[in-house]
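Below you'll find the structure, written out as structure tokens, and then a few comments.
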Amino acid sequence: MIVCCGEALIDMIPQADPNGGQSLKPHAGGAVFNTAIALGRLGVSSYFLSGVSTDMFGKMLLQELHGSRVDTGLVIRSDRPTTLAFVELTDGHASYVFYDENTAGRMLDPNELPEIPQVAQAMYFGGISLINEPAADFYLALALRESKRRVIVADPNIRANFVTDEARYRARLNQLIACVDILKVSDEDLDWIVPGPLTQIEKADVLRERGPKVIVLTRGGDGACAFFGNDLMVEVPVEKVEVADTVGAGDTFNAGFLASLSQNGLLAKTSIETLLPADLKAALELGAKVAAITVSRPGANPPWHRELS
């Protein structure tokens, strides 16, 4: 059982209209939401933990979760509005503008943390929910509380243009990294967290010294790699497909990576410390495979397990 903790929002994605112009179509999304959806479709038992509105968009989000077999028993409902993300696509690559003031997903109280089911082996955190308060403090407090007994996984998925107080965000991110077992970063994330002229390997070493047992690095067209153990590294190439867009690619990769570890009985505190190269290579390969399917079709539309054969 994996608990995915973080934002659910509505992506407003441009599409061509019959008159030759463009309109915006709402799609359920959010980095952590996408990972939860992908895990459910891959057959991994998972919960989604977030603030979700009772408005029409909130109902859409819950419907998508239920349709992908994700348990919503930890969802915190309120009548505040749903976060909106306006998406701009340039050659298939997505950039975002967020509207998040006083939303259901943001206004979570760090002093009112939910109880997590005993069956939960791992908890996954990430996305813009780690940036804006009070939700960011809510998720940090939850990760710190649960880190002694569960595997903690994080993907900060940094949106630098959304950060208004960089010093506070970096301090919070450093606290989270210190309690994380598996940290996934893109090459752009890595350069933002550890700025300067160091190599990627050297920057990954800097992060591992801060706490994580495993660093997973995605490098776009150059594939993905993992750093772990006694200076060990494994890597896999990207799967070549015709790209429709990159919306949800990293989120789906995370789900595939975690699904592999879960299905092989490796999502436990003791197991993370003794992962073998073959274990991590298999996890990276499944992450790359499901991400390739997602980018081959429009929007964040992760594959079902039956599509992998």
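How many residues are outside any helix (DSSP H, G or I), buried (at least 16 other Cβ atoms within 10 Å of the Cβ) and modelled with pLDDT of 95 or more if we restrict to region 276-307?
The total comes to 0.
Determine whether region 126-146 contains at least one residue that is of a type in the set (A, V, I, L, M), crowded, with 24+ Cβ neighbours inside 10 Å, over 14 Å from the mean Cα position of the chain (by Cα) and farther than 20 Å from residue 215 by Cβ.
There is at least one residue in region 126-146 that is of a type in the set (A, V, I, L, M), crowded, with 24+ Cβ neighbours inside 10 Å, over 14 Å from the mean Cα position of the chain (by Cα) and farther than 20 Å from residue 215 by Cβ.
Is it true that some residue in region 60-71 is in contact with a strand residue (DSSP E or B) (Cβ under 9 Å, 6 or more places away or on another chain), surrounded by fewer than 24 Cβ atoms within 10 Å (Cβ to Cβ) and at positive phi?
The answer is yes; a qualifying residue exists.
Of the conditions (1) buried (at least 18 other Cβ atoms within 10 Å of the Cβ); (2) without any contact (Cβ under 8 Å) to a residue 24 or more places away in the chain, residue 51 fails just one. Which one is it?
With (1) buried (at least 18 other Cβ atoms within 10 Å of the Cβ); (2) without any contact (Cβ under 8 Å) to a residue 24 or more places away in the chain applied to residue 51, the lone miss is (2).
Given the conditions (1) in contact with a Pro (Cβ under 8 Å, 6 or more places away or on another chain); (2) surrounded by fewer than 20 Cβ atoms within 10 Å (Cβ to Cβ); (3) of a type outside the set (Asp, Glu), which single one is not true for residue 172?
Checking residue 172 against (1) in contact with a Pro (Cβ under 8 Å, 6 or more places away or on another chain); (2) surrounded by fewer than 20 Cβ atoms within 10 Å (Cβ to Cβ); (3) of a type outside the set (Asp, Glu), the one that fails is (1).
Quick check on region 190-210. Is at least one of its residues modelled with pLDDT of 95 or more and closer than 20 Å to residue 255 by Cβ?
Checked against the condition, which is being modelled with pLDDT of 95 or more and closer than 20 Å to residue 255 by Cβ, region 190-210 yields no hits at all.
Looking at (1) surrounded by fewer than 18 Cβ atoms within 10 Å (Cβ to Cβ); (2) closer than 26 Å to residue 3 by Cβ, which is the one condition that is false for residue 249?
Every listed condition holds for residue 249 apart from (1).
Any idea which residue in region 97-110 is farthest from residue 267 (Cα to Cα), counting only those that are touching a helix residue (DSSP H, G or I) at 6+ places or on another chain (Cβ under 8 Å) and either of a type outside the set (A, V, I, L, M, F, W, C) or assigned to a loop (DSSP other than H, G, I, E, B) (or both)?
100
Just to be sure I understand, how many residues within region 129-151 are touching a strand residue (DSSP E or B) at 6+ places or on another chain (Cβ under 6 Å) and not acidic (Asp, Glu)?
The qualifying residues number 4.
Limited to region 18-38, what total is found for residues that are outside any loop (DSSP other than H, G, I, E, B), surrounded by fewer than 20 Cβ atoms within 10 Å (Cβ to Cβ) and of a type in the set (Gly, Ala, Ser)?
Within region 18-38, residues that are outside any loop (DSSP other than H, G, I, E, B), surrounded by fewer than 20 Cβ atoms within 10 Å (Cβ to Cβ) and of a type in the set (Gly, Ala, Ser) number 1.
In region 80-96, what residues are in contact (Cβ under 8 Å) with a residue 40 or more places away in the chain and in contact with a Leu (Cβ under 9 Å, 6 or more places away or on another chain)?
82, 83, 84, 85, 86, 87
The values are calculated or read from the model by the stated rules, or taken from the named source; none is laboratory data. Everything numeric in this text was worked out from a predicted model, so none of it was measured. When we count neighbours, we look across all protein chains shown, and the Cβ atoms used for this are built from the backbone with ideal geometry, even at glycine.
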